[in-house]
1. Is it true that residue 88 is part of a loop (DSSP other than H, G, I, E, B), surrounded by fewer than 13 Cβ atoms within 10 Å (Cβ to Cβ) and not aliphatic (A, V, I, L, M)?
2. Would you check if there is a residue in segment 62-74 being under 16 Å from the mean Cα position of the chain (by Cα), closer than 30 Å to residue 95 by Cβ and open to solvent by 50 Å² or more (accessible area, probe 1.4 Å)?
3. Of all the residues that make up segment 59-87, how many are in contact (Cβ under 8 Å) with a residue 40 or more places away in the chain and farther than 13 Å from residue 15 by Cα?
4. Looking at segment 25-35, which of its residues are more than 12 Å from residue 67 (Cα to Cα) and modelled with pLDDT under 85?
5. Can you tell me which residues in segment 17-56 are outside any loop (DSSP other than H, G, I, E, B) and open to solvent by less than 40 Å² (accessible area, probe 1.4 Å)?
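The values are calculated or read from the model by the stated rules, or taken from the named source; none is laboratory data. Because the structure is a prediction, the values reported are computed rather than measured. Cβ sites come from the backbone with ideal geometry, for glycine too, and all protein chains shown count toward neighbours. Side chains included, ligands, DNA and RNA excluded: accessible areas come from the protein's heavy atoms. Shrake-Rupley method; radii C 1.70, N 1.55, O 1.52, S 1.80 Å.
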Amino acid sequence: MTSRFETIARIAAPIGALCFCAATDPHNPPPIILCPFRFLTGLPCPFCGMTRGISSILRGRLREALEFHIFAPLVLTGILAWFVVESGRAAGLWR
């Protein structure tokens, strides 16, 4: 049986990911480099642009999102599915 803290954390993780993407301005990235690969190597990683892409989708700009990263809609769908699954587990609908 999971504790109440674990249940809340499992639901908060996808919500936090969506909130972070929604708070990020796709045209004005933060001054610090958030990508560990890019921070260490200075090279863009295969996922660079994903946060900006998801941020653009949340703002209703699908074409712009696809320009940032082609898989942004797929990853956003995955995050939303993750939230649904964790919410169902918290509600006791399935394991």
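1. Numbers: part of a loop (DSSP other than H, G, I, E, B): no; surrounded by fewer than 13 Cβ atoms within 10 Å (Cβ to Cβ): yes; not aliphatic (A, V, I, L, M): yes.
No, not satisfied.
2. Step one: list which residues in segment 62-74 are under 16 Å from the mean Cα position of the chain (by Cα), which gives 62, 65-66, 68-74.
Going one step further and asking which of them are closer than 30 Å to residue 95 by Cβ, we end up with 71, 73-74.
Of the ones still in play, those that are also open to solvent by 50 Å² or more (accessible area, probe 1.4 Å) are 71, 74.
Checking segment 62-74: at least one residue is under 16 Å from the mean Cα position of the chain (by Cα), closer than 30 Å to residue 95 by Cβ and open to solvent by 50 Å² or more (accessible area, probe 1.4 Å).
3. The qualifying residues number 1.
4. Once the filter is applied, which keeps residues that are more than 12 Å from residue 67 (Cα to Cα) and modelled with pLDDT under 85, segment 25-35 yields 29, 30, 31, 32, 33, 34, 35.
5. Residues of segment 17-56 that are outside any loop (DSSP other than H, G, I, E, B), as a first pass: 17-23, 36-41, 50-56.
Listed by number, the residues that qualify are 17, 18, 21, 50, 53, 54, 55, 56.
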